[in-house]
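Report on the structure given below.
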Amino acid sequence: MRALLWVGTALAVAVEVWFLVAYGCANYDRVVFPDISWHPDLETFHRSAVALLHGDSVYDTGAKLVNLNPPVWTVVFAPFGLLSPMVAYWVFGVVTTVLFVGCMVLVARELGVAKWAVIVPLLVSSPFMGTFGLGQVYAVLLTGLTGYWLATR
């Protein structure tokens, strides 16, 4: 069974790398691009956080994307408004990665699956890179869902 797990994980990673080499991936490019406009979700969150800290409207910030998030998200994100946009992006990216990996470790442990078998494919996957690159909120949502799932087990 362990050998099958190694083969499956290696195959998933190999396919992702092959797709990346053969076709490229805007998500990977987006992750490292040093312009906040390439990270539109985070730009929206950041502008809303800065507006909140200055007592301005969190929904009329001039961001590329309209803020469709509830006000509580802007309050949670407010500490990032103290940072420059790109520093906020990288710090939030680290938080995103830690939350994703932490959730995967908890789920793998609960299901009795090797942790590396879920973490390695996750970290090279296009959906994870898209979430990181755009600066999306999904890691925070995943944390809540994982906590709920664990609590109900």
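The table that follows gives values for the structure above.
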read-out	value
Computed [θ] at 222 nm, helices only, for the chain once each DSSP H run of length n ≥ 4 contributes -39500 (n - 2.57)	-23500 deg cm²/dmol
Cα gyration tensor shape for region 13-98, rounded if a/c is under 1.5, else prolate or oblate	prolate
Contour minus Cα-Cα distance for Trp90 and Cys25 (0.36 nm per residue)	21.5 nm
Cα gyration tensor, the chain - rounded (a/c under 1.5), prolate or oblate	oblate
Stretchable slack from Val32 to Leu141, in nm (0.36 nm times residue separation minus alpha-carbon distance)	36.9 nm
Global geometry of region 1-58, whether rounded, prolate or oblate, following the gyration tensor of its Cα atoms and the 1.5 cut on a/c	oblate
Inter-probe distance in nm under a simple model that places probes 7 Å from Cα toward Cβ, at Lys115 and Thr97	1.6
Potential extension, Arg2-Val15 segment - 0.36 nm per residue separation minus Cα distance	2.7 nm
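Where a number appears in this text, it was derived from the coordinates with a stated rule and is not lab data. Owing to the predicted nature of the structure, the values given are computational and were not obtained by experimental measurement. Note that we place each Cβ from the backbone using ideal geometry, even for glycine, and neighbour counts take in every protein chain shown.
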